[in-house]
1. Quick check on B:Phe181: is it buried (at least 23 other Cβ atoms within 10 Å of the Cβ), more than 22 Å from B:Tyr286 (Cβ to Cβ) and of a type in the set (A, V, I, L, M, F, W, C)?
2. Among B:Ser317, B:Ser297, which is the only one that is in contact (Cβ under 8 Å) with a residue 12 or more places away in the chain, among the small types (Gly, Ala, Ser) and in contact with a Gly (Cβ under 6 Å, 6 or more places away or on another chain)?
3. In region C:18-35, is there at least one residue being closer than 21 Å to C:Tyr296 by Cα and either assigned by TED's automatic domain parsing to the domain that holds C:Pro306 or touching a Gly at 6+ places or on another chain (Cβ under 7 Å) (or both)?
4. Name the pairs whose Cβ atoms lie under 6 Å apart, with the first residue in region B:270-290 and under 16 Å from B:Glu346 (Cβ atoms), the second of a type in the set (Asp, Glu), and 6 or more positions between them or separate chains?
5. Can you find a residue in region A:109-128 that is touching a helix residue (DSSP H, G or I) at 6+ places or on another chain (Cβ under 8 Å) and at positive phi?
6. It is to be established whether one or more residues within region A:56-73 are in a strand (DSSP E or B) and more than 11 Å from chain B (Cβ to nearest Cβ).
7. Going by the structure shown, is B:Gly164 in contact with an Asp or Glu (Cβ under 9 Å, 6 or more places away or on another chain) and within 14 Å of chain C (Cβ to nearest Cβ)?
8. Determine which single condition A:Val34 fails, assuming it passes every other condition in (1) in contact with an Asp or Glu (Cβ under 6 Å, 6 or more places away or on another chain); (2) within 12 Å of another protein chain (Cβ to nearest Cβ); (3) touching a residue at least 40 places away in the same chain (Cβ under 8 Å).
Amino acid sequence: MKVEKISRSPLEELKRHVGVIQEAFKQAVIPDRVTIEYPRERRKYPENLRGFIVLDKSRCISCFRCAQICPANAIQMSYFENFYPGIDYTKCIFCHFCVESCPTGALASSTLHDMAFKSLEDMKVKPNQMMRLPATIREDVQSVEYDVTKKGWRLIRKMELEDIKVVRILPKLKPRRAFCLEPESCLGCRQCMEVCPHEAIVMERCEITLEGQIVGKGCVLKITEKCVGCGLCVRQCPMKILSLKEVE
Amino acid sequence: MIEMKEFHLDIPVEPPKELESLFLPIPREYVEDTYKKDEFLVLVGPQHPGSGHMRLIVRVKGDIIQEVIPDPGYVHRCVEKIAENRLYIQNIPLVERPSIMDSANFNLGYVRAIEAAMDIEVPERAKFIRTILAELCRIGTHLYDAAILAVFIGHTTGFMYPFGIRELICESLVRMTGARFTSSFIVPGGVRRDVDEKTLRWVYDATFAIEKRLKSFERIFIKNPTVIARLRDVGVLSKEEAIKFGVVGPFLRASGVEYDTRVVEPYEAYEELTWDIVTADEGDGYARFMVRVNEVSQSLSIIRQCITSMPDGSYISEQIGEVRGNFFDKFADIVLPAGEYTTLTEAARGTLLFTIVSDGESNVPYRMRIVSPGWLYLRGFMEALKGERLADLQAIYGSFGYFPPEADR
Amino acid sequence: MISTLFEIFKSNMVQIPLIQPIIDYLMQIPLINFIVALILWRPFFAVVIIPGLTVLLLYLLYIVWFERKLTARVQWRVGPLEVARPIRGAIQALADGLRYFFQEAIVHKEAHRPYFVQLPILAFIPILLPIAFIPAGNVVGIKSPYAVQLVVAFLALIPITIIAIGWASNNRFAFIGSVREALIYVSYEIPFIIAVISMIYLYGSGDPYVAVEKQSIVPGAIMNPIAFLVFIIAMLMATSRLPFEIPEADQEIAFGPFVEYSGMLFGLVMVLAYEKLYVMALLFVILFLGGWSGFYCELLGDLNAPLWLFIKTIIVISILAIVRSMYARYRIDQAVRYSFSWLIALSIVALVIGIAVGWIV
């Protein structure tokens, strides 16, 4: 498709001038304004806006996945009976990879996007500060919504307040448990036992058998009922013989 | 035409001291030679209302520009080097950041290189969603470039209108992905979440609202006689010159060459939709601008076709399965087989090249190379400036839409 | 000596029936009656109050705010709002002016210091002197039958100060701005003078009183519409308003001759263009829109004419403010070419029409 040529005749120039003047005067009389007078008005955002992240401690299994996937290294796990994630908002880029990685849905997004902190140290949010939305002092008196139809785009102002809420979507995953694929390849290095945050792996003495004959003593790991399926032992095992399996 | 004779007076000339104290990439002999030939150097530096984030060293004789030497690199952020230390999936937010409005195209180029390496099959629905995202970002970039062109020639209304229209594009991106731009939504195998019917209806209506507001923009800026007088016959690049200097994208198409990566090597859903390549003949500033304006309407029609003929199916390939909750397990440890994988994508400003070199064992790339379109057409931009007046520097800069963060990476 | 001065003042006072009782009361108090007689002495009133300095300051306060609001309305936004929120930000210019007082006025090392600092102040002389000559009914500073020509002559001195300001800054961009100012000065001055001459021919003399009298039936804009158009375009070119904002191109040469100014000196140079627009608009209203004639209100007496003149000037400038949001900026060679080909041709046509209509009427 070719771009059409612009004619140079003076009559066309005059028509273009008239078009410009017409448009400017029309806007001066009936403006198509789209300004939102923040903070006296707030705009209603759709629910999937990526905002402040909220943690539900009862669902968190300390799997460290969020901290390991974060592209900006913004999540630090802090210890408080168990490891829970705290987010450093000086580094967070709101990509929500952590929310997508969480296997139990402990991390949830919310529609709060314009938080303000009083100092740089306050921006490193601890896990117990992330349990619910921060207390907000609302200065707005009305809310604005975009009304987009085939006829055009305009703003609709209503005297109700926008509600800021937490949107938690649970992944469709059943709870999982770790299990050993090949117990005979186990070295007995005990790295899985040391890395497990829930102390769910114990080492047991066993006897090594070869063709039915007992030839020596060794130890093998046993995964107890405390296992929540965090997967840290799976990543740690040097022989790569551990894996996760769904539990009914 | 009266011929003017020039008389050279042999007075010893001392170049100004500031040209030595600023670390300019030009030798001292060049500066002295300029001043002896009765021309002078104007530094349109990084702190100039009309220069973007780079310095242009302009050699001016009277009011005519003789030569321009660019001094880019103020926004170099070592994207390629940082990428060597991050996992493949963690590089996705990194490679979208150079060109902020055009993030879906950069994201798409990178992810297609990974899919080509690992032979991942993308389902149809995901291809259509990716095409919608790429076209929305293309429209956003063209609007941004039109606004910068307007402000460079002094038309502040022409600056405000495209940014207002771009708000609708950002709102469409929020409804589809969750973030206004740099959404990191495209992952190897498809997209991160499914898009439901209500959102697609909203985006469909939004295209009509955008077109209506574009009509106001057309009357007050595109058909404005002062704008036409400023951009017509300015910075002309003929067809041979454009090809010789390696110009890409809509600036090449404005000089008469019909080349578009989406037609030459089609990817995503572009083969299944009907659309046209926009070309122009004159190769001047106004043609470059009009090519981009018409590409916006072509992109709007592509989005509408994608929405009306969106196939059902899954949004992610079966090799990956559901994304939510499994993001870490499926993507964190991907290792590409050894070799070098290259993709070409049509970003908004031209052809974008991604190359990933992998050594077969590590879960970080060995080397990632991005060649952005700004870097490719910089030479053509400098050549188009020769022989024009000093006031045309900003007009040509705006008509090329040079964006230093994208060119410097 | 004071009593002779007092007699001079008292004989030529402005008569305003509305506040006459207060004035009569104040004239009986010994010291205050001298001050009141001085303020209401017609030349003093014309130069300092209306249409002079006080009203000029009010106009500056108004026009900066109005232009920003009008431009914002065209551009889908709101404009300045926060300074005094109940009146929608009307004293924004006052806030800006106070801020300039607190900023440091930097004089850089390479500048020619005496000229750099004093020229913005000297530039006010050719701008404020014409106000003494422009009459408004009975209220006039210096009555002269050549007032129109004098105003045009003073207006021709202003660009010289701007060129000197650019030269004194000793900066590459200021130099380019000065050269552009010189070129555009040459290109608008000739059509402007020819348009004014055509109106002088039409009215038969350069006396504003004659001009306003002859417009009692039909305003000058209808008698000679081509001169009307030429004057408007010359007004846009003279005061560096878009589409001819060439000497002060913000994006190309970083604000031209005024690039090195900051603080209160910048405040002074910023208002130069607005005041020149005010003087040219006063001349425009007298020549083309009937001057100070309007409907006569008994209570105001002598204050009628200056008020009408001021209101008409404000309306003209407010309508011209919208041109800023409509057009982009021309290049210098395009402006010079259009001016020397189209504008001079139009102004010669206006001259012919002026002579013809002047001979008929």
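The values are calculated or read from the model by the stated rules, or taken from the named source; none is laboratory data. Fair warning: this is a prediction, and the values are worked out from it, not measured in the lab. Heads up, the Cβs are rebuilt from the backbone with ideal geometry, glycines too, and the neighbour counts pull from every protein chain shown.
1. Details: buried (at least 23 other Cβ atoms within 10 Å of the Cβ): no; more than 22 Å from B:Tyr286 (Cβ to Cβ): yes; of a type in the set (A, V, I, L, M, F, W, C): yes.
So B:Phe181 fails the test.
2. Numbers: B:Ser297 fails: in contact with a Gly (Cβ under 6 Å, 6 or more places away or on another chain).
Result of the check over B:Ser317, B:Ser297: B:Ser317.
3. No: region C:18-35 contains no residue that is closer than 21 Å to C:Tyr296 by Cα and either assigned by TED's automatic domain parsing to the domain that holds C:Pro306 or touching a Gly at 6+ places or on another chain (Cβ under 7 Å) (or both).
4. B:Ile277/B:Glu258; B:Ile277/B:Asp260; B:Val278/B:Glu295; B:Thr279/B:Glu258
5. Of all residues in region A:109-128, those touching a helix residue (DSSP H, G or I) at 6+ places or on another chain (Cβ under 8 Å) come to A:109, A:117.
Filter once more, keeping what is at positive phi: none.
Taking every residue of region A:109-128 in turn, none turns out to be touching a helix residue (DSSP H, G or I) at 6+ places or on another chain (Cβ under 8 Å) and at positive phi.
6. Within region A:56-73 (the criterion being in a strand (DSSP E or B) and more than 11 Å from chain B (Cβ to nearest Cβ)), the answer is no, since none of the residues qualifies.
7. Details: in contact with an Asp or Glu (Cβ under 9 Å, 6 or more places away or on another chain): yes; within 14 Å of chain C (Cβ to nearest Cβ): yes.
Criteria met by B:Gly164.
8. (1)
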